[in-house]
Amino acid sequence: MRPVVVIPTYDEAAALPGLLDKVLSRAPEFDILVVDDSSPDGTGRIADEYAGRYREVRVMHRPGKLGLGSAYRDGFAAALGAGAPAVFEMDADHSHNPRFLPLLLAALDEADVAIGSRYVHGVRVENWPFRRLLLSRFANLYVNLATGMPEKVVSDATSGYRGYRREVLEAMDMTRVRSNGYMFQIEMAYRAWRLGYRIREVPITFEEHYLTSSKISRAIIWEAIWRTPLLRLTPVRGRRRAAASAPVRSGTGRG
C-alpha cells in the first residue's frame with residue numbers, strides 16, 4: 001500500500017490542477033485524496049477529471065463547507081480504510097511545495113510524525129509581510145507556553161504540512177479531536193507528543209503567492225486562543241507508543 005496525501009479544497013479551481021500536476025510528477029510514490037466541500041467554483045469537477053485520468057487520485061465529495069479539521073478527519077479515515085501506511089496533509093493553494101513530500105516521508109523512517117516546519121533551523125517563508133510573520137511566530141510561542149510542549153519538540157505547531165504513521169492516527173481516537181481550523185493542527189501535535197510518539201520537524205519553505213488565499217478568520221484565531229490552554233487540562237486518551245514499526249517507505253509499491 002502507498003502513503004496518501006489528503007488535500008482539502010474549497011474554491012480552489014485556479015490552484016488545484018497545477019498542484020495535482022506537481023504532486024504527480026515530484027512525489028510519484030504518493031496517492032492523492034482530494035476532499036472537496038462542494039466548492040461553488042467547480043473544484044470538485046476538476047478533481048473528478050484528474051481521478052478519471054490518474055489512478056493515484058481519488059476524490060471525496062462532502063455536502064458543504066464543514067471545516068478544515070472535519071475534512072482531515074474524514075480524509076484520514078478514508079486513507080486508513082484503504083490501508084495507507086502513512087497519511088499526509090497539505091494545502092491546495094501552492095503554499096506547500098510538493099518537493100518536500102518525499103522528505104517528510106523519509107522522516108517517518110525514524111519518527112512517527114513529520115512536520116514541515118517554517119521555523120526549525122531559521123525562518124523560511126517567502127513573500128510574507130512582517131506583521132504576518134510576527135503573528136505566526138507569536139502563535140507558535142503561545143502554543144508552547146500554554147501547552148507545555150517544548151519548542152525543541154515542535155517549533156511550528158500550526159503548520160498544516162505534515163505526515164503521520166497510520167499507528168499514530170489509529171492510537172489517537174479521532175472522535176475526540178474536535179478542533180477545526182488551525183487549532184486542529186495544534187491539537188494533533190499535542191496529542192501525539194503526550195502519547196509519546198516521536199515528532200520530527202523537517203525544514204520547508206512556505207511560499208506565499210497569488211494563488212494563496214488567506215484561510216485565517218477571527219473565528220479561527222479565537223478558537224486557537226481559548227482552546228489551546230484547555231489542552232493542558234484535558235486528559236489525553238489513546239494508545240501510547242510501543243515498539244518502533246518498519247519504515248513506511250517499504251510498502252509504497254503498487255504490487
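The values are calculated or read from the model by the stated rules, or taken from the named source; none is laboratory data. Everything numeric in this text was worked out from a predicted model, so none of it was measured. A quick note on method: Cβ atoms are made from the backbone with ideal geometry, for glycine too, and the neighbour counts reach across all protein chains shown. To get the accessible areas, we keep the full protein, side chains included, count just its heavy atoms, and leave off ligands, DNA and RNA. Shrake-Rupley method; radii C 1.70, N 1.55, O 1.52, S 1.80 Å.
Close Cβ contacts (under 6 Å, 6 or more residues apart or on different chains) running from residues in the stretch 95-116 that are farther than 20 Å from ALA157 by Cβ to residues that are among the basic types (Lys, Arg) comprise PRO98/LYS22; PRO98/ARG26; ARG99/ARG26. Every listed requirement among (1) part of a helix (DSSP H, G or I); (2) surrounded by fewer than 20 Cβ atoms within 10 Å (Cβ to Cβ); (3) not hydrophobic (A, V, I, L, M, F, W, C) is met by GLY196 save one, (1). Of the residues screened, GLU201 is one that is of a type in the set (Asp, Glu) and open to solvent by less than 40 Å² (accessible area, probe 1.4 Å). Here ILE216 clears all of (1) at pLDDT below 80; (2) loosely packed, with under 13 Cβ neighbours inside 10 Å; (3) of a type in the set (A, V, I, L, M); (4) part of a loop (DSSP other than H, G, I, E, B) except the condition numbered (2). Answer yes if at least one residue in the stretch 2-22 is out of contact with any helix residue (DSSP H, G or I) (no Cβ under 6 Å at 6 or more places or on another chain), crowded, with 21+ Cβ neighbours inside 10 Å and assigned to a strand (DSSP E or B), and no otherwise. The answer is yes; a qualifying residue exists.
Inspection of the stretch 50-66 identifies at least one residue that is touching a strand residue (DSSP E or B) at 6+ places or on another chain (Cβ under 9 Å), part of a strand (DSSP E or B) and open to solvent by less than 10 Å² (accessible area, probe 1.4 Å).
If only residues of the stretch 117-134 that are in a helix (DSSP H, G or I) and among the aliphatic types (A, V, I, L, M) are counted, the one that is farthest from the chain's Cα centre (by Cα) is LEU134. Number of residues in the stretch 92-116 that are assigned to a helix (DSSP H, G or I), touching a strand residue (DSSP E or B) at 6+ places or on another chain (Cβ under 6 Å) and among the small types (Gly, Ala, Ser): the value is 1. For the stretch 219-237, the set of residues classified as under 21 Å from the mean Cα position of the chain (by Cα), modelled with pLDDT of 85 or more and either of a type in the set (A, V, I, L, M) or in a loop (DSSP other than H, G, I, E, B) (or both) consists of LEU231, VAL236, listed by residue number. Answer yes or no: is there a residue in the stretch 160-178 that is in contact with a Ser or Thr (Cβ under 6 Å, 6 or more places away or on another chain), part of a loop (DSSP other than H, G, I, E, B) and surrounded by fewer than 23 Cβ atoms within 10 Å (Cβ to Cβ). Checked the stretch 160-178: no residue is in contact with a Ser or Thr (Cβ under 6 Å, 6 or more places away or on another chain), part of a loop (DSSP other than H, G, I, E, B) and surrounded by fewer than 23 Cβ atoms within 10 Å (Cβ to Cβ).
Residues of the stretch 168-193 that are in contact with a Pro (Cβ under 9 Å, 6 or more places away or on another chain) and modelled with pLDDT under 95: none at all. Looking only at residues of the stretch 32-49 that are not in a loop (DSSP other than H, G, I, E, B) and not charged (D, E, K, R), we find that the one that is surrounded by the fewest Cβ atoms within 10 Å (Cβ to Cβ) is ILE46.
So which of ALA107, ALA114, ALA84 ends up being under 14 Å from the mean Cα position of the chain (by Cα) and either open to solvent by less than 10 Å² (accessible area, probe 1.4 Å) or aromatic (Phe, Trp, Tyr) (or both)? So that I can check it myself, show each step before the final result.
Details: ALA107 fails: under 14 Å from the mean Cα position of the chain (by Cα); ALA84 fails: under 14 Å from the mean Cα position of the chain (by Cα).
Going through ALA107, ALA114, ALA84 in turn, just one is under 14 Å from the mean Cα position of the chain (by Cα) and either open to solvent by less than 10 Å² (accessible area, probe 1.4 Å) or aromatic (Phe, Trp, Tyr) (or both): ALA114.
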